[in-house]
1. Give me the strands (runs of 3 or more DSSP E) completely within region 204-256, filtered to those with at least 1 residues that are of a type in the set (Phe, Trp, Tyr) and within 27 Å of residue 40 (Cα to Cα), ordered by residue number.
2. Please verify whether region 77-84 includes one or more residues that are surrounded by fewer than 24 Cβ atoms within 10 Å (Cβ to Cβ), under 25 Å from the mean Cα position of the chain (by Cα) and modelled with pLDDT of 95 or more.
3. Of all residues in region 662-680, which are surrounded by 16 or more Cβ atoms within 10 Å (Cβ to Cβ) and more than 22 Å from residue 708 (Cβ to Cβ)?
4. For region 177-227, what are the residues that are open to solvent by less than 10 Å² (accessible area, probe 1.4 Å) and among the polar types (S, T, N, Q)?
5. Return a yes/no flag: does region 257-267 have any residue that is touching a Leu at 6+ places or on another chain (Cβ under 7 Å) and either under 21 Å from residue 334 (Cβ atoms) or at pLDDT below 95 (or both).
6. Would you mind telling me which numbered condition in (1) over 16 Å from the mean Cα position of the chain (by Cα); (2) part of a loop (DSSP other than H, G, I, E, B); (3) more than 26 Å from residue 71 (Cα to Cα) residue 103 fails?
7. Residue pairs, Cβ under 9 Å, 6 or more apart or interchain, first in region 574-602 and surrounded by fewer than 14 Cβ atoms within 10 Å (Cβ to Cβ), second hydroxyl-bearing (Ser, Thr, Tyr) and in a loop (DSSP other than H, G, I, E, B). List them.
8. Within region 106-161, which residues are at pLDDT 95 or above, among the charged types (D, E, K, R) and open to solvent by 10 Å² or more (accessible area, probe 1.4 Å)?
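The values are calculated or read from the model by the stated rules, or taken from the named source; none is laboratory data. As the structure is a prediction and not an experimental result, all values here were calculated from the model. So basically every Cβ, Gly included, is an ideal-geometry build from the backbone, and we count neighbours across all protein chains shown. Side chains included, ligands, DNA and RNA excluded: accessible areas come from the protein's heavy atoms. Shrake-Rupley method; radii C 1.70, N 1.55, O 1.52, S 1.80 Å.
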Amino acid sequence: MRKVRTGGGWPAVLYTLRKARESGGLLAFWRAMRSRNACKTCAIGMGGQQGGMVNEAGHFPEVCKKSMQAMAADMQPGIPRDFWDRYGARELRAMSPRQLEHCGRLVEPVRYTAAEGRYRPVSWDEALDGVADQLATTSPDETFWYFSGRSSNEAGFLLQLFARLYGTNNVNNCSYYCHQASGVGLTSVTGSGTATIQLEDLDKADLVFLIGGNPASNHPRLMTTLHELRRRGGEVIVINPLVETGLVNFSIPSRPLSLLFGSKIASLYVQPHIGGDLALLVAIQKRIVELGMHDEAFLTNHAAGWDELHVALNAASYDDLVSRSGVDLATIDRIAEKYSKSKAAVFAWTMGITHHAHGVENVQAIGNLALLRGMVGKPGAGLMPIRGHSNVQGIGSMGVTPLLKQAIFDGLQEQYGVQLPTAIGRDTMACMEGATSGELTTALCLGGNLYGSNPDSTYAAAALGKLKQITYLSTTLNTGHAHGLADETIILPVLARDEEPSATTQESMFNFVRLSDGGPRRHDGPRSEVEVIADLADRVARRLAGNANLSALDWPAMLDTGRIREAIAKVVPGWEKVGEIDRTKEEFQIDGRTFHTPRFPTADGRAQLHVLTPPALRGAGEGELRVMTIRSEGQFNTVVYEDDDLYRGVEGRWVILMHPDDLDRFGAKEGDPLRVVGPAGEMRHVRATKHPAIRAGNAAMYYPEANVLVSRGVDPLSKTPAFKGLVVRLEKEPQA
């Protein structure tokens, strides 16, 4: 297919009209998009009490294809009952992610058994009793509880509380496979694991570093902000091994001139080798100090570790840094020159930074670079991880981590008069390993696609296949329902955010809390997540009457989301206002996370600098190729809405995007079938695809299809897999 010359634009407008027609007409789609509910997709966030397509600053229209794709999926017809007679597990496994997503909405509980090999519809009582019976007869430490970022704060808080009162800390969320390295890294730098800025700070910045990401596809609403920055004379430095169309030029439909003529985004586009970011970031730090453009007063008064970092930078070798990054000294000078002129710089990054075996160190290096010039702790400047799902940050705030923060731990015990477990809980990969070993037998997943988000897909399917029971709370089918099957698998259909019978809240990546009103259900059958959790907890509590912790709560009363918010206000620091949000309707910024003055929540009030040693560049051997997994323009997380990638001009997803020099090096031509052998597995008949936009020596393949290649090795600090740090070998296959 032909590659477009700009992101957004008229294709986005036409796509909107098509989705509206598919969803019952333009008026119905407009009403759904304008309802007072937070956006269902990325964590930049919009909607809430100002209505859909409005951000926290009141700007309208703020909307993108991702939010429309999610809305259209939720407006699908229900899956008919005879579907389960026609499609067994084998047939579901033969479907692509896109085909599964487009089967329709889940509208009734279904139960799979390995003996029968297919799902069968069951009543809600039968489904919930089956889950409750399993939990009541299983040791809590044999269970694990996985949460996606799609759910509300109320559902997240209630389910993690249920798990802990039941008796386990095997509680984790999807961030372990995406931005956990950001949280760990930021905490080690500033004392807080979230963005240091508010949305309004971007309007004051004169420079944005955009590192290891492609928001033109994955967070399109950010492109309006970057367009406005360029329009007022600011600069955008993009660091990415792959030149992305939308980061070069983007046509913003809500800006007439931009729609007609496009908007230039990147003022400098830098292509390091995959895995070379850390060396590049250290090189820029070294050059800034050599130029004397560091802020000595800030470093002395507001940062710890400056003397050690200064010595390390002086000793660092440019030859090594250039070799390990793949970026020449002249380009490093250009970056340093632009940064040295900035008065207010924002550093933004996505999973191109976190999906490495040294992901935390990558984040720490970004922190160093910002601190060197005092770009943290003042308006218009700071650190901004671009998080994925719309409430993944809120789920973390609610205590969905193996180890609770002490304040939340103490608050829960005091609030409910209970004794919480203190055993060390398992992170997500550790849970998969526990399933493999047989130490864990039972799992409950609140949304998401645990199978699809795991590295080493073959291992993931086998691990989940060893469980006695796994339960999914879901709105639509995904590959996890086809491949992540235990002896018994139960799917409980839940309502989408804008169908909830009671208000819920969500937290953006800017630490802003929105209130969603919910709305009328589209289908009979699905239930709200809070209702399902409260009902299940009550059934387990009645079966385990001797468990004083479970009996301490009136679970039926927890159907009231307002009551849950009152508990959150008392237990979670910075969330005091959420207890009154039903009455005030006042959405709010969480206290203690935005740094407009250089005072940080660390032991000494200073930010922390880190001495870092970049790793040697991998994948430079004979017959080797560095590969990163990527998402397409028609995709959100593991959900694939469209098989073709409009912005890159690529048809299908079973492909490897290669520079022409690498095609020649491997003796391959455009369209040749290749065998790709990675650390964990192989893919056969992968189509060689010429893609000059990627740096030679590097290649890209689509996630989650390429997860079968990805090793289970993780960053030791964040436990995040290296989805973007593969080294593969290629072989030509016989033509069919």
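1. 207-211, 249-251
2. So far as region 77-84 goes, no, none of its residues is surrounded by fewer than 24 Cβ atoms within 10 Å (Cβ to Cβ), under 25 Å from the mean Cα position of the chain (by Cα) and modelled with pLDDT of 95 or more.
3. Correct list: 663, 665.
4. Of everything in region 177-227, those that are open to solvent by less than 10 Å² (accessible area, probe 1.4 Å) and among the polar types (S, T, N, Q) turn out to be 182, 190, 196, 217.
5. Going through region 257-267, the residues touching a Leu at 6+ places or on another chain (Cβ under 7 Å) turn out to be 265-266.
If we keep only those that are either under 21 Å from residue 334 (Cβ atoms) or at pLDDT below 95 (or both) as well, we get 265-266.
Yes, that holds for at least one residue.
6. Looking at each condition in turn, residue 103 falls short on (3).
7. Going by the 9 Å Cβ cut-off, the qualifying pairs are 592/192; 601/192.
8. Matches in region 106-161: 108, 111, 116, 118, 120, 125, 126, 129, 133, 141, 142.
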